[in-house]
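Only one structure is covered here, and it is reproduced in the block below.
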Amino acid sequence: METISCYGNTRIVIKTGDITKEKVEAIVNAANSRLLGGGGGTVGPVWQGGVKNEDKILERSFLNSLQRALEKRVKTIAFPAVSTGAYGFPVDQAARISVCAIKKFLNTHPDSFQEIRMVLFGENIYKHFEKAIKNCFQNLSSIS
């Protein structure tokens, strides 16, 4: 499954698949604050019922990753569904926060990326991100 849309000159792709097989300049992977778990990447929050600023931490993990990629002049980047696996973040909420964080970054740094991909494990997670794309990026031009 794959959906490709454009926001300005940036392609926004959501797809199911194996993120390690993506041909992009940077792959963001989930890690804990000691950079264990995924072996490095962005630090995603552990879901604690929504009372420990998890939403804000998740948003910052995306914004910080995009900022770091911009500083490194990365033009193509892939993200997983950060914190939705072992860390237990509700998928629908994580999808909305993640996608809206990407839009927020692109609003302040237009055309800084050629492509931003969300590479997701399974159809259920894909559907949540597809819904989030439609809600966060209203009037997004769709390619497929």
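Some values worked out for this structure:
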{"quantity": "Residue within segment 72-84 that is assigned to a helix (DSSP H, G or I) and either surrounded by 14 or more Cβ atoms within 10 Å (Cβ to Cβ) or under 15 Å from the mean Cα position of the chain (by Cα) (or both) present", "calculated": "no"}
{"quantity": "Considering residues of segment 39-56 that are crowded, with 17+ Cβ neighbours inside 10 Å and not in a strand (DSSP E or B) only, the residue modelled with the lowest pLDDT", "calculated": "Gly41"}
{"quantity": "Test: Val119 is of a type outside the set (Lys, Arg) and either surrounded by fewer than 16 Cβ atoms within 10 Å (Cβ to Cβ) or in a helix (DSSP H, G or I) (or both)", "calculated": "no"}
{"quantity": "Pairs where the first residue, in segment 1-22, is under 17 Å from Leu66 (Cα atoms) and touching a residue at least 24 places away in the same chain (Cβ under 8 Å) and the second is assigned to a helix (DSSP H, G or I) and of a type in the set (Val, Ile, Thr), C-beta under 8 Å, 6+ apart", "calculated": "Ile12/Ile102; Ile12/Ile133; Ile14/Ile133"}
{"quantity": "Verdict on Phe105 being hydrophobic (A, V, I, L, M, F, W, C), farther than 14 Å from Thr3 by Cα and either in contact with a helix residue (DSSP H, G or I) (Cβ under 7 Å, 6 or more places away or on another chain) or buried (at least 21 other Cβ atoms within 10 Å of the Cβ) (or both)", "calculated": "yes"}
{"quantity": "Phe89 being over 14 Å from Ile14 (Cα atoms), of a type in the set (A, V, I, L, M, F, W, C) and crowded, with 18+ Cβ neighbours inside 10 Å", "calculated": "yes"}
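The values are calculated or read from the model by the stated rules, or taken from the named source; none is laboratory data. Bear in mind the structure is a predicted one, so any value in this text is a computation, not a measurement. Cβ coordinates were reconstructed from backbone atoms using ideal geometry, including for glycine residues, and neighbour counts include every protein chain displayed.
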